[in-house]
Amino acid sequence: MKRVFTSISLFFIVILAFAGNNQLNIDGVLFNIDTLAQAKVGPGTYYTALKYYTSTKSLRTFVLAIDVTNPYIRFESVLAKDSLVGTERVSAMASRKSKPGNVYFAGVNADFFATTGGVGTPTHGCMTGGQIGRAPAGSPVIAFAGNQPVIADISFGPSTCTFGSESFTIQSVNATRETNQLILYNTMNGNYTHTNAYGTEVLVQLQESNAWGVNQTLSAKVVSIESKKGNMKILPDHAVLSGHGTAETFLSQLKINDEIKISLGVNVPGLTPAPSIHAMVGGDRMILKDGIVTNNDWADLHPRTCAGYSQDKKTVYFCVVDGRTGLSAGVRTKELADIIKSVGAYDAVNLDGGGSSALYVEALGIVNNPSDGTERAVGNAMYALNVAPEDALITEIRPELPSISLPRYGAYIPVFYAYNQYGTLIDTDLKGAHLSCDSSLGTIHDGNMFVASGTQSGYLYASYNGMTTSIAISLNTDVVPFLRLDSIVADQKHPYPIEVNAWVGNTSISVFPQAFTWTSDNPSICSVENGVVTGISNGTTSVHGHLENITLTQKVKVEIPSSSSISMSGLTDFSKWKIYASSNMKNPELTSFILPFAIRYTYTSGRSPYIQLYNIMPLYGIPDSMRIVFNTQNIGIPSIEITMRANPAKTYTPLVFNKIESGTDFTLNVPMSMLLEDVEDRVSYPIHFEGIRFNVDATTQVANQVYDILIKEFVLLYGDDQVSIFNPSLMKGLRVYPNPVTNGIASIGFLAGVPQNIRMELFDLSGRKIREQSAFSFSGSETVLDLQGISSGSYLVRIHFDGKEEIVKIIVNNQ
């Protein structure tokens with residue numbers, strides 16, 4: 001049964017501000033502010049989602065505020081796939097780099113990057129782990145020396161290689177080697193230097209007491225030397241000095257095991273001596289300097305990303321503003337500066353935006369809505385790391401929403417976050433918290449639901465193992481309740497809790513239906529008790545709810561099947577079906593108007609033959625599945641498409657089934673869950689059927705021969721039994737969990753041990769392939785399917801293993 005009063009999502013609920021400034025001047029325009037979400041997401045780290053709006057424009061903004069003084073916070077940048085060339089999603093980089101005690105738990109996309117040639121190469125300077133990936137060239141960057149943030153036009157400074165008393169200037173890092181130049185290459189350049197044969201290259205390794213860094217002198221040992229070869233292999237934790245001309249002459253004096261000194265410098269304007277920066281990402285312009293918005297506006301409206309810090313440099317901010325959607329128009333960089341300044345920034349730099357904009361939180365995934373519709377793979381990213389020890393003991397609880405505005409009799413199931421002693425978020429849905437409130441505010445139902453049945457605003461309290469927290473409840477008595485659905489389909493097996501809502505601001509909030517007195521116009525057709533409608537006999541009637549001076553009316557159509565299965569032909573005569581076919585299928589016809597019947601055609605010649613049956617009609621009642629039994633005889637059918645739609649949908653969705661067995665009776669079971677995201681959401685009914693298409697393998701056809709596809713059964717099933725997507729033998733060899741997927745990873749468990757040659761394909765419900773993956777790791781008899789970056793929704797997963805194929809529907813909730 002659908003739970004009507006679900007918790008109000010962190011991503012969609014609007015919390016009306018109780019106090020403080022709830023307006024902001026953005027480049028001369030006054031915007032109202034709603035807080036969409038507020039949560040502590042790690043040690044000293046807070047996530048806030050804000051909506052700025054006028055009567056004509058709306059902006060969605062997502063901010064991370066990170067306390068750099070927290071002892072368990074560190075900062076690091078990451079190159080996609082740890083290479084200058086290549087792209088990777090922000091969430092995937094974090095998952096790949098994280099390990100216990102060093103978790104990349106919060107981050108943001110960073111630099112602009114090449115989209116041709118060396119795709120993914122950051123445009124500006126970058127450093128990670130103390131190593132330079134791309135030498136900065138005086139453009140704006142955000143960098144970290146320890147936890148000290150720096151935003152400045154940083155440039156590559158004096159850099160040298162010294163042997164004995166002789167030194168030579170290192171011109172750059174991981175750059176193309178030119179005449180008379182000495183270039184240092186590290187593994188961020190790839191496995192090789194990619195140089196020509198006109199020089200000498202020296203592989204070096206730091207002495208044990210040294211670690212790669214800038215603005216310091218490092219001792220290294222010569223490991224190997226190659227002359228006139230080029231493209232030297234770069235070993236892990238090593239680097240290559242590559243010289244041409246005069247630089248080659250300098251290198252030619254070195255021998256294996258010689259000790260050299262390497263100094264790589266970066267210049268930071270205004271800071272002397274220059275700090276030992278270990279992490280850096282570039283941007284294209286400073287947008288905020290010393291608290292003043294800079295006069296270098298990028299005047300196009302786009303999704304935007306920026307990073308900054310407070311005047312005392314104790315708080316770092318990562319910020320994304322969505323764009324290119326009806327929910328968020330996008331901003332100019334001058335508007336972006338006003339926004340990040342309003343949350344506390346004193347200096348800020350503009351990073352890559354557009355479809356690249358992505359703000360990541362480990363516990364929540366990508367919190368904004370990328371304009372591509374899914375998270376984009378980018379060149380690099382900047383992260384806050386949680387370096388606290390692992391600890392599962394809860395020492396602090398907080399509400400998902402610290403404040404909320406509810407209508408009178410508004411129903412709310414709060415969600416609580418749990419933290420350990422270090423501030424690590426360890427549970428985003430804590431169970432077992434005890435709720436309490438003053439009777440003047442409301443009442444508690446079923447232990448976990450608050451109903452605003454009182455007359456005054458106040459606080460809802462929660463306690464858990466001696467820990468307490470509270471939620472500020474603002475009671476809004478001026479709103480008018482309404483029914484989510486003005487009409488429904490009902491039966492005896494699916495009681496329907498009436499869904500009453502009310503608008504608070506721009507958000508629809510559930511209202512407790514038991515607060516109303518409900519009556520049925522015809523109790524012999526349906527009953528309504530405690531706000532729950534149950535069908536009794538076939539027919540149409542209405543139910544009414546009364547509360548004070550408010551009356552709500554809902555139309556109820558009761559359709560109770562006569563048995564657990566009813567024939568489609570019982571709903572409408574098969575003579576009303578239409579038959580269509582490709583041009584190489586002549587004389588298509590139905591041989592009878594009762595079951596069994598045949599779809600008959602004469603094949604001529606040509607590619608891609610198909611034949612279709614059409615009969616647009618609503619399906620009766622609330623079916624669990626559809627079953628079709630047919631025999632294609634000697635006709636090869638590589639795939640079948642059944643098209644249906646949920647009641648409010650404008651277009652029909654093709655459900656595609658492959659590998660149809662020929663020469664035998666084949667049973668095709670089509671669960672309604674394959675079409676619907678939520679089979680218990682009554683808005684989806686009645687489901688509308690459009691048709692069925694048989695795609696024919698032309699190699700099984702003979703010109704001018706007559707063929708029959710026999711249809712032996714075509715029924716709707718009403719019952720509690722779950723049916724497989726294909727025939728009943730499927731889904732016995734594996735299990736897929738969790739479902740829905742909320743953290744971007746699905747586990748695939750094989751019940752008969754570890755299979756061979758596993759391949760997994762992800763399709764949307766239109767049949768478009770989204771992703772393909774071979775199994776890359778096993779734990780026991782389980783592997784994982786990576787769903788990170790996939791937009792929330794319903795998908796089909798086709799799993800090939802041990803010569804078999806299984807298909808399962810999976811729901812992704814990555815928001």
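The values are calculated or read from the model by the stated rules, or taken from the named source; none is laboratory data. Please read all numbers here as calculations on a predicted model, not as lab measurements. Quick reminder, even Gly has a Cβ in these numbers, built from the backbone with ideal geometry, and neighbours come from all protein chains shown. Areas reflect the complete protein model, heavy atoms only, side chains present, ligands, DNA and RNA absent. Shrake-Rupley method; radii C 1.70, N 1.55, O 1.52, S 1.80 Å.
For Thr162 and Lys81 in one chain, what is 0.36 nm times their gap in residues minus the Cα-Cα distance, to one decimal in nm? All intermediate terms of the calculation are to be shown ahead of the outcome.
Working: separation 81, 0.36 × 81 = 29.16 nm, distance 3.21 nm.
Stretched out fully, the Thr162 to Lys81 stretch lengthens by 25.9 nm.
Show Ile488, Ile579 ordered by accessible area, largest first, where the area counts protein heavy atoms only and the probe is 1.4 Å.
On the way: Ile488 10, Ile579 40 Å².
Result, largest first: Ile579, Ile488.
Taking amide H positions as placed 1.01 Å from N in the peptide plane, with prolines and chain starts having none, which residues 5 or more places from Leu351, or on another chain, fall under 5 Å of its amide H?
Thr305, Cys306, Ala307
Taking Rh as the Kirkwood radius, which is the inverse of the mean 1/r over Cα pairs, what is the Rg/Rh value for the range 367-448?
On the way: Rg = 18.1 Å, Rh = 16.5 Å.
Rg/Rh: 1.10.
If you count only protein heavy atoms and use a 1.4 Å probe, how large is the accessible surface of Asp521, to the nearest 10 Å²?
Ignoring ligands and nucleic acids, Asp521 comes out at about 100 Å².
Using a 1.4 Å probe on the protein heavy atoms only, what accessible surface does Ser639 show? Give it in Å² to the nearest 10.
20 Å²
By a straight-distance test (C-alpha under 27 Å), which lysines pair with Lys578 as possible cross-link partners, with residues fewer than eight away in the same chain excluded?
Lys586, Lys650, Lys659, Lys712
Excluding ligands and nucleic acids, what accessible area in Å² is computed for Phe450 using a 1.4 Å probe, to the nearest 10?
That residue has around 0 Å² of solvent-accessible surface.
Taking the convex hull of the Cα atoms, report for the range 546-697 its projected area averaged over all directions, in nm².
Values: hull surface 45.4 nm².
Hull-based average projected area comes out at 11.4 nm².
Using the Cα centre as the reference, give the magnitude of the dipole from point charges on the C-beta atoms of the chain (Lys, Arg: +1; Asp, Glu: -1; all else neutral), rounded to the nearest 20 debye. Kindly include the intermediate steps, with their values, before the conclusion.
On the way: 58 positive and 70 negative charges, 220 e Å.
Roughly 1060 debye for the chain.
Mean projection of the alpha-carbon convex hull of the range 496-632 over all orientations, in nm²?
Details: hull surface 54.0 nm².
Quarter of the Cα hull surface area: 13.5 nm².
Compute from the Cα atoms of the range 442-559 the Rg and the Dmax, the latter being the longest Cα-Cα distance, and quote both in angstrom.
Final numbers for Rg and Dmax: 16.9, 54 Å.
Would you kindly state how much longer the chain becomes between Ile256 and Thr540 on full extension, computed as 0.36 nm times their sequence separation minus their alpha carbon distance, in nm to one decimal?
On the way: separation 284, 0.36 × 284 = 102.24 nm, distance 9.21 nm.
Gain on extension, Ile256 to Thr540, equals 93.0 nm.
May I ask for the Rg/Rh ratio of the range 269-322, computed from Cα atoms with Rh as the Kirkwood radius, given to two decimals?
Working: Rg = 13.3 Å, Rh = 13.5 Å.
Checking Rg against Rh, the ratio lands at 0.99.
For the range 265-356, take N as its residue count and report Rg(C-alpha) divided by 2.2 N^0.38 Å. Before the final figure, lay out the partial values.
Values: Rg = 14.0 Å, N = 92, 2.2 N^0.38 = 12.3 Å.
Here the Cα radius of gyration is 1.14 times the empirical estimate.
Could you work out what % of the accessible surface of the range 364-520 is carbon and sulfur, using a 1.4 angstrom probe and leaving DNA, RNA and ligands out of the count?
On the way: 2840 of 6210 Å².
Exposed carbon and sulfur together represent 46 percent of the surface.
Using a 1.4 Å probe and counting only protein heavy atoms, arrange Ser167, Ser439 so the residue with the most accessible area comes first. Intermediate results must be reported in sequence, preceding the final value.
On the way: Ser167 65, Ser439 100 Å².
I get Ser439, Ser167, largest accessible area first.
Expected output is a single nm value to one decimal: the length gained when fully extending between Ser224 and Thr246, i.e. 0.36 nm times separation in residues minus the C-alpha distance. What is it?
Details: separation 22, 0.36 × 22 = 7.92 nm, distance 1.98 nm.
Taking 0.36 nm per residue and subtracting the Cα distance, the gain is 5.9 nm.
Residue farthest toward the positive end of the dipole of the range 360-504, with Cβ of Lys/Arg at +1 and Asp/Glu at -1: which of Leu425, Ala462, Pro495?
Selected residue: Pro495.
Using helices alone, what [θ] at 222 nm do you get for the chain, with -39,500 (n - 2.57) per DSSP H run of 4 or more residues, divided over all residues and rounded to the nearest 500?
Working: 3 runs with 24 residues, N = 815.
Value at 222 nm, helices only, nearest 500: -1000 deg cm²/dmol.
Give Lys57/Lys555; Lys51/Lys289; Lys51/Lys313; Lys81/Lys255 a once-over and call out the pairs whose C-alpha atoms are over 28 Å from each other.
Details: Lys57/Lys555 37 Å; Lys51/Lys289 25 Å; Lys51/Lys313 26 Å; Lys81/Lys255 34 Å.
Exceeds cut-off: Lys57/Lys555; Lys81/Lys255.
Taking a cut-off of 19 Å, what percent of all Cα-Cα pairs in the range 413-511 are separated by more than that?
Values: 2718 of 4851 pairs.
Roughly 56 percent, once rounded to a whole number.
Over the range 289-349, with every protein chain in place, what whole percent of the accessible area is carbon and sulfur at 1.4 Å, could you tell me? Could the numbers behind the result be given before it?
On the way: 1150 of 2360 Å².
Summing carbon and sulfur atoms, their accessible area is 49 percent of the total for the range 289-349.
What FRET efficiency do you get for Ser487 and Thr700 if R0 is 56 Å and r is their Cβ-Cβ distance, rounded to the nearest 0.05?
Values: r = 47 Å, r/R0 = 0.85.
E(calc), rounded to 0.05, equals 0.75.
Restricting things to Cα coordinates, could you compute the convex hull volume per residue of the range 607-707 in Å³? Numbers along the way, then the final one.
Numbers: hull volume 10.7 nm³, N = 101.
About 106 Å³ per residue, rounded to a whole number.
Relative to a virtual label point 7 Å from the Cα of Asn191 in the Cα→beta-carbon direction, which members of the range 90-123 show backbone nitrogen distances below 12 Å?
Flagged as within label range: none.
Jot down the radius of gyration and Dmax of the range 47-186, Cα atoms only, both in angstrom.
Here Rg and the maximum Cα pair distance are 18.7, 71 Å.
Give the whole-number value, in cubic angstrom per residue, of the convex hull volume spanned by the C-alpha atoms of the range 46-129.
Values: hull volume 11.8 nm³, N = 84.
So the per-residue hull volume is 140 Å³.
Residue-wise, which Karplus ³J(HN,Hα) couplings in Hz belong to the range 179-189, taking 6.51 cos²θ - 1.76 cosθ + 1.60, θ = phi - 60°, and x for glycine or proline?
Coupling constants for the range 179-189: 4, 6, 10, 10, 10, 9, 10, 10, 5, 5, 6 Hz.
Solvent-accessible area per residue for the chain at a 1.4 Å probe radius, Å²?
Details: 33440 Å² over 815 residues.
Each residue of the chain exposes 41 Å² on average to a 1.4 Å probe.
Leaving ligands, DNA and RNA out of it, report the carbon-plus-sulfur percent of the accessible area of the range 93-180 at a 1.4 Å probe.
Working: 1620 of 3250 Å².
Looking at the range 93-180 in its full context, I get 50 percent from C and S.
With +1 on each Lys and Arg Cβ and -1 on each Asp and Glu Cβ, and nothing else charged, work out how big the dipole of the range 125-244 is about its Cα centre, in Debye to the nearest 20. Each step should come with its number before you reach the end.
Working: 6 positive and 7 negative charges, 46 e Å.
So the magnitude is around 220 debye.
Calculate, in whole percent, how much of the Cα-Cα pair population of the range 124-167 lies beyond 13 Å. Kindly include the intermediate steps, with their values, before the conclusion.
Values: 584 of 946 pairs.
Tail of P(r) above 13 Å: 62 percent of Cα pairs.
Kirkwood Rh over alpha-carbon pairs of the chain, then Stokes-Einstein at 4 °C and 1.567 mPa s: what D in µm² s⁻¹, rounded to an integer?
Details: Rh = 30.8 Å.
Once the numbers are plugged in, D ends up at 42 µm²/s.
Top to bottom by accessible area (1.4 Å), largest first, where do Tyr461, Tyr412 land? Let's see the in-between values first.
Working: Tyr461 110, Tyr412 0 Å².
Final ranking, largest accessible area leading: Tyr461, Tyr412.
Please report the Cα spread of the range 498-552 along all three principal axes, rounded to whole Å, starting with the longest.
40, 20, 16
Compute the Kirkwood hydrodynamic radius of the range 226-293, taking the inverse of the mean of 1/r over all pairs of distinct Cα atoms, and give it in Å to one decimal. Intermediate values should be presented prior to the final figure.
Values: mean 1/r = 0.0603 Å⁻¹.
Hydrodynamic radius (Kirkwood, Cα pairs) of the range 226-293 is 16.6 Å.
Taking each pair of distinct Cα atoms in the range 350-396 once, what is the resulting Kirkwood hydrodynamic radius in Å? Walk me through the numbers before you get to the answer.
Numbers: mean 1/r = 0.0765 Å⁻¹.
Its Kirkwood hydrodynamic radius stands at 13.1 Å.
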